[in-house]
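Peer 1: Have a look at the structure that comes next, please.
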Amino acid sequence: MTNLAIAAGPVCLFTRPLQTAWSSDDDGLVDSLAEEIRLSIDFHMAQPNARAVDSVVLSGPGATDERVANELASRTGLPVSVGQPLGVFGDHTVPVGDDPARYTVAAGLALGVER
């Protein structure tokens, strides 16, 4: 399962779950993912007062495959970057050798905690 979200700054405007198998060995992956992104952007842009989409940010363990980001940029015509899974917390908060992408949900929940 992959989640696609369209946001303007910190505000999520649209989100959609995608049933795209994430395997960097699959040559059809990028084509399928690019098409799903294109269809989602088209749907978003058809909404009243829609704001233009100007970039794609990938996240999660599969996002670290540079080939995927480069191919998606080529196919969508949009700049593609890889989001930092822990944002302001930084990777230094994760045990050495562990994958920071595993802590994305926990970091998001921690950001919502009232102090």
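The values are calculated or read from the model by the stated rules, or taken from the named source; none is laboratory data. Just so we're clear, the structure is a prediction, and the values are computed from it rather than from any experiment. Neighbour counts run over all protein chains shown; Cβ positions are idealised from the backbone, glycine included.
Peer 1: Can you find a residue that is of a type in the set (Val, Ile, Thr), touching a residue at least 24 places away in the same chain (Cβ under 8 Å), touching a strand residue (DSSP E or B) at 6+ places or on another chain (Cβ under 8 Å) and farther than 23 Å from Val105 by Cβ anywhere in the range 49-66?
Peer 2: For the range 49-66, residues of a type in the set (Val, Ile, Thr), touching a residue at least 24 places away in the same chain (Cβ under 8 Å), touching a strand residue (DSSP E or B) at 6+ places or on another chain (Cβ under 8 Å) and farther than 23 Å from Val105 by Cβ: present.
Peer 1: What strands (runs of 3 or more DSSP E) completely inside the chain contain at least 2 residues that are modelled with pLDDT under 80?
Peer 2: Values: elements: 2-8, 11-18, 56-58, 80-82.
Because the criterion is at least 2 residues that are modelled with pLDDT under 80, the strands (runs of 3 or more DSSP E) in the chain that meet it are 2-8, 11-18.
Peer 1: Anything in the range 29-61 that is more than 19 Å from Val11 (Cβ to Cβ) and not hydrophobic (A, V, I, L, M, F, W, C)? List them, or say none.
Peer 2: Scanning the range 29-61 gives Asp31, Ser32, Glu35, Glu36, Arg38, Asp42, Gly60, Pro61.
Peer 1: If you don't mind, there's one more thing I want to ask. Provide a single number: the residues in the range 35-67 that are surrounded by 12 or more Cβ atoms within 10 Å (Cβ to Cβ) and over 12 Å from the mean Cα position of the chain (by Cα).
Peer 2: 13
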